[in-house]
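One structure is given here, and the rest of the page talks about it.
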Amino acid sequence: MRTLEKVSGTIAPQPRLAAVPVVLSDFETIGVTAPRAQDELKIIQAHFMTLAQCASRGVKSAAERDRIARTLRERMARYGASSGHIARRQVSVLTSRFVKPDPDNEYEPIRRYGDLRTGTGEPLDERMSLFEEVAYDVFARVYRDQSALPPDDVIHVSCSGYLSPSPVQSFLSRRGWLGVGVTHSYHMGCYGAFPAIRTAVGLVGSSHVSLPKRKRRVDLVHTEFLSLHFDLLGDEPDNFVTSTLFADGFIKYAAYPQSEFEKSPKSGLRILALDEYILPDSLPEMTLRPGPLQFDMSLSKRVPFMIRDSIRDFVESICAQVGLDFEREKAAMVFAIHPGGPAILNQIRSRLGIEESQIELSRKVLYENGNMASATAPHIWQLIVESAAIPRGAKVLSMAFGPGLTVIGALFEKL
């Protein structure tokens, strides 16, 4: 009987494969529209909710319209996120074709914010068409340098829009970058940046240890157009919370093998460890589902406390992956915690026994931008990379939360 060696030759033993360190760098935020003050946005939101709900109910009477408007303003004041926690947000849908502005209305000042093109709100397919246009423009602005070399791969991250072909595919096709790999990392909500960087680690690492062609750069681009999905018809408390908490966010950054990153003098975050955990008996506490008009989100009041009760074990586990004693080292660490809301930051800070100064950049991003879903954590990472007060060698523990309930995180070292 012939042996495998006689047919194919003996396969040489493979050397032990070494890990390939991956570094995140080149952070760039993209502003689609100018942010507006939170207090003004709450007035605008209540105004458009009034228009939509009156249209939905067929309200003709001025008295009934005023009653609905008064009720919505009261609920907005009671449940909406305070300007003490969020100063401003980017709400790009306000400048879109969905809104018909009326800036010169002298008789009804509230009407200066305009009317709705479609009385009860746009259908989902129209929202996706607008998402496609805005996301495509973001890619065009990210890669505006016509002489720039393309990345090896692009990972597109979003929980706010899906089309096929996707905006990144459309852009690459028109740009002529036909050999760039595309990965869609979609519908994971606020924790979406972490599976995306895990994918980047896999793309870079596998190319260096098991594939013939090595990757030198994988770009990650987040297009979170969350204002597309504000619910104008719902009057439940959590609808006022989500519509005043969430905001649009657009950011690009790159993942390099460390050997490539070190060819230029810049700062970055080396990925040391990644971990993920689904909390038991938590599936209904946070949801994100496509509805007839928008993606519908629900958020339970229990979420901050469920995260609090699990977070200590989680951070100790991720630190243990690299032999780091969390309790001994935590005072010197920087924390990039996804600010799903002020309560989440408060509960985690208390549970971990860390100082307010260690999470100040998380609060800063929430205050200046609101919750931008998957784009939020990268905004915090950018501030850490650019901060002269955070030295090279500092350990950065980052984490985020989303439907599942999923707790996910990364341990970085600043380079």
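Among 184, 208, 229, which comes first, second and so on when ranked by fewest other beta-carbon atoms within 10 Å?
Arranged by neighbour count, lowest to highest, 184, 208, 229 become 184, 208, 229.
When only Cα pairs under 8 Å and 6 or more residues apart are kept, what is the percent relative contact order across the chain?
For the chain, the relative contact order is 22 percent.
Grab the beta carbon distance between residue 301 and residue 360, set R0 = 25 Å, and tell me the FRET efficiency rounded to 0.05.
That gives a FRET efficiency of 0.45.
Expressed in nm to one decimal, what extension gain is obtained for the pair residue 147 and residue 264 from 0.36 nm per residue of sequence separation less their Cα-Cα distance?
Net length gain for the segment: 40.3 nm.
Measuring from label point to label point, each 7 Å out along Cα→Cβ, what is the residue 287 to residue 389 span in nm?
4.2
Would you report the distance distribution of C-alpha pairs in the chain as whole percents per 20 angstrom bin, up to the bin with the largest distance?
25, 52, 19, 3, 0
Counting other Cβ atoms within 10 Å, keep those with at most 15, restrict to DSSP loop, and tell me which trypsin sites (Lys or Arg not before Pro) in the range 373-415 are left.
Of the trypsin sites (Lys or Arg not before Pro), the ones in loops of the range 373-415 whose Cβ has at most 15 other Cβ atoms within 10 Å are 392.
Work out, step by step, the length gained on full extension between residue 33 and residue 331: first 0.36 nm times the residue separation, then minus their alpha carbon distance; give nm to one decimal.
103.5 nm
Taking R0 as 30 Å, what FRET efficiency do you get between residue 100 and residue 137 from their Cβ-Cβ distance, rounded to the nearest 0.05? Write down the numbers at each step before the final one.
Details: r = 22 Å, r/R0 = 0.72.
That pair, residue 100 with residue 137, gives E of 0.90.
Report the antiparallel proportion of the DSSP beta bridges in the range 269-414 as a percent, rounded to a multiple of 5.
85
Once every DSSP H run of n ≥ 4 in the chain is given -39500 (n - 2.57) and the sum is divided by its residues, what mean residue ellipticity at 222 nm do you get, rounded to the nearest 500 deg cm²/dmol?
-11500 deg cm²/dmol
Fewest first, what order do 128, 49 take by the number of other Cβ atoms within 10 Å?
128, 49
Across 10 Å bins from the origin, how do the percents of Cα pairs in the range 231-337 run, short distances first?
9, 27, 29, 23, 10, 1
Taking the Cα centre of the chain as origin, work out the dipole magnitude from +1 charges on Lys and Arg Cβ and -1 charges on Asp and Glu Cβ, in debye rounded to 20. Intermediate values should be presented prior to the final figure.
Numbers: 49 positive and 48 negative charges, 138 e Å.
That gives a dipole near 660 debye.
With a point put 7 Å past each Cα toward its Cβ, work out how far residue 55 is from residue 173 in nm, to one decimal.
3.2
Using Cβ contacts closer than 10 Å as the measure, can you line up 281, 102 from fewest to most?
Ordered from fewest to most neighbouring Cβ atoms within 10 Å, 281, 102 come out as 281, 102.
What size of dipole, in debye to the nearest 20, comes out for the range 36-116 about its Cα centre when the only charges are +1 on Lys and Arg C-beta atoms and -1 on Asp and Glu C-beta atoms? Write out the running numbers ahead of the final one.
Details: 16 positive and 10 negative charges, 68 e Å.
Here the size comes out at about 320 debye.
If you average the C-alpha positions of the range 256-274 and of the range 350-412 separately, how far apart do those two centres end up, in angstrom?
Value for the Cα centre distance between the two parts: 19 Å.
Treating the angle as unsigned and between 0 and 90°, give the value, to the nearest 10°, between the Cα long axis of helix 62-79 and the longest Cα principal axis of the chain.
That helix lies at roughly 40 degrees to the long axis.
Once R0 is set to 30 Å, what does the formula 1/(1 + (r/R0)^6) return for the Cβ-Cβ distance between residue 118 and residue 343, expressed as a FRET efficiency to the nearest 0.05?
0.30
Every number in this text was worked out from the coordinates using simple rules, so none of it is lab data. This is a predicted model, so every value here is computed, not measured. Every residue, glycine among them, receives a Cβ derived from its backbone with ideal geometry; neighbour counts consider all protein chains shown.
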